[in-house]
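To start, the structure under review is shown below, and the notes come after it.
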Amino acid sequence: MTTKVEKICAETINENRSVDILQEASRLIKCGSLVAFPTETVYGLGANALDETACAGIFAAKGRPADNPLIIHISSLNMLEDLCEITPTVQKLIDAFWPGALTIVMKRKGKVPDIVSAGLNTVGVRFPSNLIARALIEASAVPIAAPSANLSGSPSPTKAEHVFDDFDGKIPMIIDGGAVDIGLESTVIDASGEYVTILRPGSIDAKKLGEVLGYEVGYVKIGDDEAPKSPGMKHRHYSPKANLHLAGSYEEVENIRDEVLMKTAKEPLCIIMEKEGENYCADMEIFKISKYSDMEMYARNLFTSLRYADSKGYETVIVQTVPEEGLGIAIMNRLKKAASGC
């Protein structure tokens with residue numbers, strides 16, 4: 001199979017060339033094939049969410065565990081009515097955060113195939129703000145199930161070339177919409193019970209959710225024998241091929257690097273934040289992930305930096321961490337999972 005990469009700009013999405021690409025991609029979706037496409041969070045690997053066979057193709061292509069549910073993407077609220085039960089709480093969240101980087105887990109209706117929800121009575125749905133994603137869903141005239149467009153367990157894709165690295169020859173088309181805006185997967189919340197809880201942290205944090213709901217929103221963890229309601233709760237995620245170490249300061253980066261060199265004599269890649277006016281780690285191999293305290297830049301570049309390490313064949317990577325507050329909670333969630341390998 002030849003994998004076509006077709007470029008679209010959001011600014012020219014209504015021009016003839018873009019329309020033709022979207023029509024071709026929608027035909028692939030309708031006939032049960034997979035298409036990778038950009039969202040504001042990461043790139044997604046999409047299939048017709050109502051086609052059980054097509055969704056099985058996602059699991060096969062990614063090597064994804066069968067108990068890891070998919071997230072459905074929609075382009076209108078009319079699509080949602082056929083998929084889920086919309087409670088007053090869900091409507092409040094929709095009004096506040098959609099379109100956007102929030103996945104809402106709700107009680108599902110029978111139209112949703114079991115494979116999408118991993119057999120659960122709930123399913124996660126998102127209304128992306130990315131115009132290319134929405135145009136593809138609208139042209140396909142079906143909701144699209146789409147996990148991140150990477151091999152299961154590896155760093156998520158934030159550029160089309162990341163998708164190509166993982167799926168060249170395995171899927172028919174990648175829509176290249178450029179680098180994504182956020183760089184971390186969506187916040188996933190469970191709104192199927194009495195109170196909303198966070199299953200996976202993202203750019204929409206507990207404070208923002210609490211301001212809308214009127215109460216403090218907590219986080220949920222699951223045991224090894226429990227079925228996850230959301231991607232990112234179980235199994236290996238976000239990990240580069242290299243051994244990943246986390247360091248809280250420049251000094252700790254240097255100390256870990258010295259320890260690594262004593263054991264292997266192979267230089268690690270050090271992923272650090274640039275601190276204006278100070279020259280740290282000058283003799284190390286460095287990927288500067290952001291300016292100091294710029295959490296949005298850090299999030300946007302995190303998976304790119306891990307994929308860079310793999311592309312260069314590094315055996316060890318040291319990443320400078322961030323405080324676990326605001327967007328830093330989501331960043332550290334990804335880094336801890338990447339470092340632990342589970």
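Remarks
- When segment 291-313 is limited to residues that are of a type in the set (Ser, Thr, Tyr) and touching a Lys or Arg at 6+ places or on another chain (Cβ under 8 Å), the one that is modelled with the lowest pLDDT turns out to be TYR292.
- Tally of residues being in contact with a helix residue (DSSP H, G or I) (Cβ under 8 Å, 6 or more places away or on another chain) and either hydroxyl-bearing (Ser, Thr, Tyr) or modelled with pLDDT under 90 (or both) across segment 239-272: 1
- Set THR89, THR12: member being surrounded by fewer than 21 Cβ atoms within 10 Å (Cβ to Cβ) and within 30 Å of ASP168 (Cβ to Cβ): THR12
- Selected residue [crowded, with 24+ Cβ neighbours inside 10 Å and touching a helix residue (DSSP H, G or I) at 6+ places or on another chain (Cβ under 8 Å)] from ILE104, ILE71: ILE104
- Qualifying residue in segment 157-165 (condition: modelled with pLDDT of 95 or more, part of a loop (DSSP other than H, G, I, E, B), in contact with a Leu (Cβ under 8 Å, 6 or more places away or on another chain) and surrounded by fewer than 24 Cβ atoms within 10 Å (Cβ to Cβ)): no
- Residue list for segment 29-49, filter: over 21 Å from GLY100 (Cα atoms) and either surrounded by fewer than 20 Cβ atoms within 10 Å (Cβ to Cβ) or among the small types (Gly, Ala, Ser) (or both): LYS30, CYS31, GLY32, SER33
- Candidates ALA10, ALA25, ALA49: the one that is of a type in the set (A, V, I, L, M, F, W, C), touching a residue at least 12 places away in the same chain (Cβ under 8 Å) and in contact with a Cys (Cβ under 8 Å, 6 or more places away or on another chain) is ALA49.
- Residue within segment 205-226 that is within 24 Å of TYR308 (Cβ to Cβ), out of contact with any Cys (no Cβ under 6 Å at 6 or more places or on another chain), in the same structural domain as ILE115 (by TED's automatic domain parsing) and in a loop (DSSP other than H, G, I, E, B) present: no
- Conditions (1) outside any helix (DSSP H, G or I); (2) under 22 Å from LYS263 (Cα atoms): number failed by ALA339: (1)
- Within segment 138-154, restricting attention to residues that are assigned to a loop (DSSP other than H, G, I, E, B) and of a type in the set (S, T, N, Q), the residue that is nearest to ILE115 (Cα to Cα) is SER152.
- Residue within segment 302-319 that is closer than 23 Å to ARG200 by Cβ, crowded, with 17+ Cβ neighbours inside 10 Å and aromatic (Phe, Trp, Tyr) present: yes
The values are calculated or read from the model by the stated rules, or taken from the named source; none is laboratory data. Not measured: the values here are computed from a predicted model. Heads up, the Cβs are rebuilt from the backbone with ideal geometry, glycines too, and the neighbour counts pull from every protein chain shown.
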